[in-house]
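Step one of this worksheet: look at the structure below.
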Amino acid sequence: MIAFFLFGPVAAFIAEFVHWLFLNVTGSDAPLGPAIKIAAVLSTLFGFWLGSWVYAHVGRGLRGNSFLSLSLMFGFGILFRVVAMTVVNYAVLLYVGPVLFGANYMAYAKVVLQQTTGWQFSGDADLLFWVLVFTAVYNIINLIVAAIPAGLIVSPLTNSFRHITSVDSWLSRSVRAKSASLAKV
């Protein structure tokens with residue numbers, strides 16, 4: 001997220017690819033864990049980028065402001081992450097885990113949910129629904145916990161180095177340029 005806010009989508013995609021490589025080499029749950037992680041991060045980054053693009057190209061009749069830009073970025077980031085991770089988790093729970101790894105993740109999820117909530121499930125479809133709902137909520141919380149601190153780190157960083165360089169964050173440049181172009185319309 002810091003790479004995205006500072007340098008833009010290309011740098012963020014490169015940083016995540018390097019992160020994925022590192023997790024595959026050092027991670028104890030490779031290759032599945034790093035594959036799921038890269039799916040989550042790339043879908044989020046794509047959503048943030050698309051939100052930025054929508055703000056620049058669709059909001060022509062609106063008065064540009066950073067709140068709208070950030071709202072669209074977060075909204076698309078959440079949407080893409082939740083949809084992507086719902087599909088990924090569905091595949092892992094029902095196909096990848098049992099077929100490739102011989103792991104019954106659904107049985108584990110059932111035990112955990114029954115112990116923590118006290119719920120009883122009428123069948124596998126009911127269980128799968130609630131696992132995917134809780135996973136979606138987790139992904140929303142995870143995005144917020146990752147993106148907000150990253151944004152809070154980026155602002156002081158760019159302000160601290162402004163006196164020795166012309167570096168400005170991609171996010172600041174993007175919002176300013178799009179706000180200016182929208183204001184001209």
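Quick look at the numbers
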read-out	value
Residue selected from the stretch 1-34 under the condition among the small types (Gly, Ala, Ser) and surrounded by fewer than 17 Cβ atoms within 10 Å (Cβ to Cβ), by the criterion farthest from Met73 (Cα to Cα)	Ser28
Matching entry among Val82, Val154, Val58, Val145 (being aliphatic (A, V, I, L, M), in a helix (DSSP H, G or I) and modelled with pLDDT of 95 or more)	Val82
Residue within the stretch 48-56 that is free of Cβ contacts under 8 Å to residues at least 12 places away in the same chain and either closer than 19 Å to Thr135 by Cα or not basic (Lys, Arg) (or both) present	yes
Qualifying residue in the stretch 31-42 (condition: part of a loop (DSSP other than H, G, I, E, B) and not hydroxyl-bearing (Ser, Thr, Tyr))	yes
Top-ranked residue of the stretch 97-112 - restricted to ones that are among the β-branched types (Val, Ile, Thr) and more than 26 Å from the chain's Cα centre (by Cα), ranked as farthest from Phe129 (Cα to Cα)	Val99
Single match in Phe46, Phe22, Phe76 (criterion: assigned to a helix (DSSP H, G or I), of a type in the set (Phe, Trp, Tyr) and touching a Phe, Trp or Tyr at 6+ places or on another chain (Cβ under 6 Å))	Phe46
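The values are calculated or read from the model by the stated rules, or taken from the named source; none is laboratory data. In this text, all values refer to a predicted model and were calculated from it rather than measured experimentally. Note: ideal-geometry Cβ built from the backbone for every residue, glycine included; neighbour counts use all protein chains shown.
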